[in-house]
Amino acid sequence: MRKAIYMTAVALLLAGTAPAYASGGADKGPVGVGVIGEGLKVKEVRATLDGWYPGARAETFLLRGGKRIQTVGPWKAAEAVQYGGHKFEVVAWPVVRSFRHGDRICSRFEHRSERPCVTIQR
C-alpha cells in the first residue's frame, strides 16, 4: 500500500497530472516500476527505489514469454526525491510506443536482486 502511494505521488510530482486510465505499477520489496499510457501504448516508464542511494542506476526491459526481448530504457542515473516525508530514488524514460497484449515491462536497479514487472493489457 505504501509503495502504491509513492508511485502515485511520483506520477503527480513528475507529470503534474493524474495518470491515464491504463497506467499501472508493481513493486518487489523496495523496488517499483510504473507505466503511464493508454491501452497498449505506453508513454512513460518509471522505476523507484525506497530510500536514498547516491549513484543508483536503473534500467527497464521487455519480457515476452518469460524471456528478455529488449531494453526499453537503458541504464540511467536515478534522481533523489523527497515527497511527503518519504525519500526515494526515481528514474523515468519516455517511451511512446505500443506493446503486445501480455508483454511485461520490468525494471531493476544495480546491485539489487528485485525485478518488478507490469503486464501490458488491453
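The values are calculated or read from the model by the stated rules, or taken from the named source; none is laboratory data. Everything numeric in this text was worked out from a predicted model, so none of it was measured. Virtual Cβ from ideal backbone geometry, glycine too; neighbours counted across all protein chains shown. Just so you know, the surface numbers come from the protein's heavy atoms only, side chains and all, with ligands and any DNA or RNA stripped out. Shrake-Rupley method; radii C 1.70, N 1.55, O 1.52, S 1.80 Å.
Quick notes on this structure:
- Surface share of carbon and sulfur [accessible, 1.4 angstrom probe, percent] for segment 29-122: 48 percent
- Positive minus negative residues near Gly65 (Lys, Arg vs Asp, Glu; Cβ under 11 Å): +4
- Distant-in-sequence amide contacts of Val95, defined by a placed amide H-H separation under 5 Å and a gap of 5 or more residues or a different chain, comprise Glu44, Val45.
- At an R0 of 22 angstrom, the distance between the Cβ atoms of Ser98 and Thr71 translates into a FRET efficiency of 0.85.
- Estimated FRET transfer efficiency when R0 is 30 angstrom, pair Glu38-Glu110 (beta carbons, to 0.05): 0.45
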